[in-house]
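S.K.: If you scroll down you'll find the structure; I have some questions about it.
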Amino acid sequence: MSNLWGGLQVAIVAEQLLRLLHHCGMPKTDVDFMVGPGLTMNEIINQAQPRNTLFTGSQRVAEKLAADTNGKVSENKPLQNCIDD
């Protein structure tokens with residue numbers, strides 16, 4: 001299970017991304033989508049120990065997450081086309 005962590009200002013866009021991924025075939029059980037204040041999210045991520053975390057935030061937050069999760073933080077990558085040709 002991975003975490004998709006979005007700040008409050010990107011929650012709507014992140015939710016639509018998750019809906020697109022589900023439409024493309026990703027199982028709904030593969031991602032936990034969480035939105036909340038940084039300190040709360042940090043505590044949840046530290047306790048849950050996810051396989052991977054994708055987030056929106058600053059370089060400082062990225063470095064803290066990388067340290068807290070032993071490098072289990074993903075950079076943003078473009079989506080592959082999910083429409084059959």
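The values are calculated or read from the model by the stated rules, or taken from the named source; none is laboratory data. It should be emphasised that the depicted structure is a prediction, and the values quoted were computed from it without experimental measurement. Because the Cβ atoms are built from the backbone with ideal geometry, glycine has one as well, and the counts that use them run over all protein chains shown.
S.K.: Scan the stretch 41-59 for residues that are in contact with a strand residue (DSSP E or B) (Cβ under 9 Å, 6 or more places away or on another chain) and of a type outside the set (Gly, Ala, Ser) and jot them down.
M.R.: Across the stretch 41-59, the qualifying residues are MET41, ILE44, ILE45, PRO50, ARG51, ASN52, THR53, LEU54, PHE55, THR56.
S.K.: Among the residues of the stretch 45-78, write down those that are touching a residue at least 40 places away in the same chain (Cβ under 8 Å) and of a type in the set (A, V, I, L, M, F, W, C).
M.R.: ILE45, ALA48, LEU54, PHE55, listed by residue number.
S.K.: Only one of (1) within 17 Å of GLN16 (Cα to Cα); (2) in a loop (DSSP other than H, G, I, E, B); (3) modelled with pLDDT of 80 or more fails for ILE83. Which number is that?
M.R.: Among (1) within 17 Å of GLN16 (Cα to Cα); (2) in a loop (DSSP other than H, G, I, E, B); (3) modelled with pLDDT of 80 or more, ILE83 violates only (3).
S.K.: Then there's this: Considering each residue of the stretch 41-68, count those that are over 13 Å from the mean Cα position of the chain (by Cα) and buried (at least 17 other Cβ atoms within 10 Å of the Cβ), and give that number.
M.R.: 1
Rundown of residues vs (1) basic (Lys, Arg); (2) at pLDDT 80 or above; (3) not in a helix (DSSP H, G or I), yes/no style:
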{"site": "VAL13", "(1), (2), (3)": "no, yes, no"}
{"site": "PHE33", "(1), (2), (3)": "no, yes, yes"}
{"site": "GLU43", "(1), (2), (3)": "no, yes, no"}
{"site": "ARG51", "(1), (2), (3)": "yes, yes, yes"}
{"site": "GLY57", "(1), (2), (3)": "no, no, yes"}
{"site": "LEU65", "(1), (2), (3)": "no, yes, no"}
